[in-house]
Amino acid sequence: MTQVIRESWPLLLGVLLLMIGNGLQGTALGLRGAIEGYDAGTMAWVMSAYFAGVLLGSRLAPPMIRRVGHVRVFAALASLVSAASILYAALPNPILWALMRLLVGICFAGIYVVAESWLNDRATNETRGQSLAVYLSVQMLGVIAAQGIINLADAGGYALFVIMSVLVSIAFTPILLSATPVPVFSTTKPMTLRALYRVSPLGIVGTLLLGGLFSALFGMSPVFATEIGLTVGETTMFVATFYIGGVILQFPLGWLSDRMDRRILIAGTTAFGVAALLAAAPFLQQISTLLLVAFVVGGVTNPLYSLLIAYTNDFLEHDDMAAAAGGLVFAAGLGSMAGPLVVGWMMSAFGAYAYFLFIGILMGIVAVYATYRMTQRATPSDTSPYAPVGAQASTVAVTVSQSIEYEEEEEKTAQDIGAVEERRDAAP
């Protein structure tokens, strides 16, 4: 891992700054929306627009990269994000915010593709898994760090939005100055949702629901916090704790996933999340309870994306994995776009704490459906190794994770064959 950091630190530093800027954006807008008097239903449209942009950008980025190249696409998109960051404060209007969030989502989708392509190009077969793990950790740490920066300035002024713009502008300097020769870029037509459902019903249904869960957790958490009257410091702690839980529990759950039926783990973790919400429901007015719930829910849901990808790969041939990656990312994008809209409506109709009701319902559906699928199909005899992937990852990162799994399987098979041959040669 030290080798990965030493060789890719400029790229990782750029990604860290970008994620700090992106993390600032969501929380700062949630706080500024409350100052401007926008209700949860209005902010839901603003937050949903970002995820709609990511979904659209995942389709627009590949042809742009093929047409003008990685460097120009990256510089252009990062510049647009930097400009939008300033305009949020200059134009406090929910319609304009939604349009800018749409643009920023499109831009970040392309930025992720470029950054992940460069990271993958720098990695070797021996370091690719470590590179992906470090990249995921840097993404999460960037968003967590952003919550601390929020406390340095008033969301009602310009300072936070200027900091956001400056960080994004600085971010692409180390990336572009240290970029290796342009990596080869190729895409595969995504597998249709119907085809994915035939391969793995739990994989596609779970990914779709998880998209809605993620966007509600990380898009609407600042809105929920302001609706119930948390202070700025409490709001940032609440948002950060979702990510801290994900960082801490990602790898233990990944370790378990390689040693048991993944459907049991998916059903068990989501059921545990629902149980935690039910147990904490009478005490949610206390900040300590909110932080504990955020840790558990974030820790349970963050590894689910990787778990569902690994489970889907258990039923795929290697040649189909790239197409399946595109389909899974698209399904997550559809769910992400709908999540804030539904939870925003529920919060407007039933009160702010309907935020957790929505989260509990989605986790409950995943738990029930995973349990049901165990009655419909036997556990696969050969399973793919778990590789951590973030919910914001592009098809590049998902495809890389699948390649890692395949390479690990090939290496394990070769070792098994070698062990058999050694025993045979040693036999009298």
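Tabulated results
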read-out	value
Relative packing of 9-17, 247-255, 100-108, which averages over residues the other C-beta atoms within 10 Å, highest first	100-108, 9-17, 247-255
Cβ crowding within 10 Å averaged over residues, with 216-227, 235-246 ranked highest first	216-227, 235-246
Nitroxide proxy distance, nm - points 7 Å out along Cα→Cβ at L96 and W345	2.9 nm
Net length gained if the chain between T371 and L284 were fully extended (0.36 nm per residue, minus Cα distance)	28.5 nm
For peptides 344-351, 326-333, 133-140, sequence by mean Cβ density within 10 Å, most packed first	326-333, 133-140, 344-351
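Since every read-out is calculated from the coordinates, none of them should be taken as a lab result. For clarity, every value in this text was computed on a predicted model and none was experimentally measured. A quick note on method: Cβ atoms are made from the backbone with ideal geometry, for glycine too, and the neighbour counts reach across all protein chains shown.
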